[in-house]
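The values are calculated or read from the model by the stated rules, or taken from the named source; none is laboratory data. Not measured: the values here are computed from a predicted model. Here the Cβ positions follow ideal geometry from the backbone for every residue, glycine too, while neighbour counts run over all protein chains shown.
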Amino acid sequence: MITPIMRLSFPALFEPKANPSGKMKYGCSLLISKDDVAGVKQLQDAIQKAMQKGKETLWSNKIPAFRYQPLRDGDAELASGEKTDPVYKNTFFLNASADTAPGIVMATGSGPKPILDVSAIFAGCWVRADINAFPYKNSGNCGVGWGLNNVLLVKEGERLDGRMRATDAFANYDVVEEDGATGDPAGDDIM
């Protein structure tokens, strides 16, 4: 399925990171506003289909209690202390992962264009993702997980890590003086 537009968090899209069990995975968290009723329903419908498949193929014709919910409530996790970042307020979120690197593209108006620059997509960007909900049964745990296939960068957003883009950080330092040195508007060049 292609998701509605969601906010990207904790991206490991170009390089895998170790998951809680130590396995190297590509992945990300995707946040959706609770106000996006149609988008939330789309995700819930995918979960229901995966649960039905799990019931028929993995879980002995019943739906077990899940240790982890496939679509988690940001407000509930803030209230419990599991999450502390206010970006989770009024959101649902999911974690999607893959063993292989997802395709990463940007919207250009003339068709998707591959993103090769690691810094072009970051926590805070707005994306659509090509994900699939799947049932699992592993070491006694049952649930619905999300596979990550591809990511489409729709637009940049405010960075969640607080880091500035280099073009913004050095906006006042792009004057080249006659001797070729970069001008320093504050007068404290260290060259």
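Can you confirm whether Gly124 is surrounded by 14 or more Cβ atoms within 10 Å (Cβ to Cβ), in contact (Cβ under 8 Å) with a residue 40 or more places away in the chain, in contact with a Cys (Cβ under 9 Å, 6 or more places away or on another chain) and not in a strand (DSSP E or B)? No; evaluated as a whole, the condition is false for this residue.
Here is the figure for region 110-126: residues that are closer than 22 Å to Leu160 by Cβ and either of a type in the set (A, V, I, L, M, F, W, C) or at pLDDT below 95 (or both) total 10. If the condition is being buried (at least 17 other Cβ atoms within 10 Å of the Cβ) and out of contact with any Lys or Arg (no Cβ under 9 Å at 6 or more places or on another chain), then region 5-28 contributes Arg7, Leu8, Ser9, Pro11, Leu13, Cys28. Might you let me know whether region 81-90 holds any residue that is closer than 19 Å to Lys25 by Cβ and either in contact (Cβ under 8 Å) with a residue 24 or more places away in the chain or exposed (fewer than 14 other Cβ atoms within 10 Å of the Cβ) (or both)? Within region 81-90, none of the residues are closer than 19 Å to Lys25 by Cβ and either in contact (Cβ under 8 Å) with a residue 24 or more places away in the chain or exposed (fewer than 14 other Cβ atoms within 10 Å of the Cβ) (or both). Kindly check whether there is at least one residue in region 50-58 that is part of a helix (DSSP H, G or I) and either closer than 17 Å to Ser9 by Cβ or small (Gly, Ala, Ser) (or both). Checking region 50-58: at least one residue is part of a helix (DSSP H, G or I) and either closer than 17 Å to Ser9 by Cβ or small (Gly, Ala, Ser) (or both).
Residues in region 28-87 that are of a type in the set (S, T, N, Q) and closer than 21 Å to Gly124 by Cα: Ser29, Ser33, Thr84.
The single condition from (1) part of a loop (DSSP other than H, G, I, E, B); (2) out of contact with any Lys or Arg (no Cβ under 6 Å at 6 or more places or on another chain); (3) of a type in the set (A, V, I, L, M, F, W, C); (4) free of Cβ contacts under 8 Å to residues at least 24 places away in the same chain that Ile63 fails is (2).
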